[in-house]
Amino acid sequence: MAIRTILKYPDPGLSRPCEPVTVFDASLTALAHDLLDTMRAAPGAGITAAHIGVFTRLVVLELWKETGPRFYANPEILVASDELMRHMEGSVSMPGANDEVERPKSIRFRYQDLDGAVHEEEAEGFYSICMQHEVDQLDGIFWLKRLSRLKRDRLLRKWGKGK
């Protein structure tokens, strides 16, 4: 597998919605493993194909070492809780920048595995936040858009000085 180049903010590709995965074959599995290697090298807990300039709906999460990596094609959020939680977020496309984002505490979502089989899962807490963050990216919504204008402007000034 290979470590791919990650698009850096403000690359316009980070605002581009992704197309659904329609072919579940060896090339999709190879892309998924390239994403895993790229995410680990970054390092990060999650990555989408869009982060490397491949605009297809594929996500890799590795939230806990003991459970290993998980691959999600075409994830979609079906239900989100009314209860919210705040969590620090950042992106492999914007190293060193992070801020607190508020999102639903739990979700129910549907996805396909690398063989195309459809699954539904419940996610809560950190898992829920990460899946919502990556689905946003697949929809062309970079995480900064979830911040207030004041917080976003302050973060961008601080991040710009650190580059």
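The set of residues from segment 53-84 being surrounded by fewer than 21 Cβ atoms within 10 Å (Cβ to Cβ) and of a type in the set (Val, Ile, Thr) comprises VAL54, THR56, THR67, ILE77, VAL79.
Screening GLY44 with (1) under 22 Å from ILE129 (Cα atoms); (2) in a loop (DSSP other than H, G, I, E, B); (3) of a type outside the set (A, V, I, L, M, F, W, C); (4) at pLDDT 95 or above gives one miss only, at (4). Before we move on, is GLY68 without any contact (Cβ under 8 Å) to a residue 40 or more places away in the chain and on the phi > 0 side of the Ramachandran plot? Taking the combined requirement at face value, the residue satisfies it. Residues that are basic (Lys, Arg), more than 24 Å from LYS145 (Cα to Cα) and in contact (Cβ under 8 Å) with a residue 24 or more places away in the chain occur in segment 3-11; there is at least one. Taken across segment 18-30, residues that are among the charged types (D, E, K, R), in contact with a Ser or Thr (Cβ under 6 Å, 6 or more places away or on another chain) and surrounded by fewer than 19 Cβ atoms within 10 Å (Cβ to Cβ) do occur, with at least one present.
The values are calculated or read from the model by the stated rules, or taken from the named source; none is laboratory data. Quick caveat: nothing in here was measured; it's all calculated off a predicted structure. Note that each Cβ is placed from the backbone with ideal geometry, even for glycine, and that neighbours are counted across all protein chains shown.
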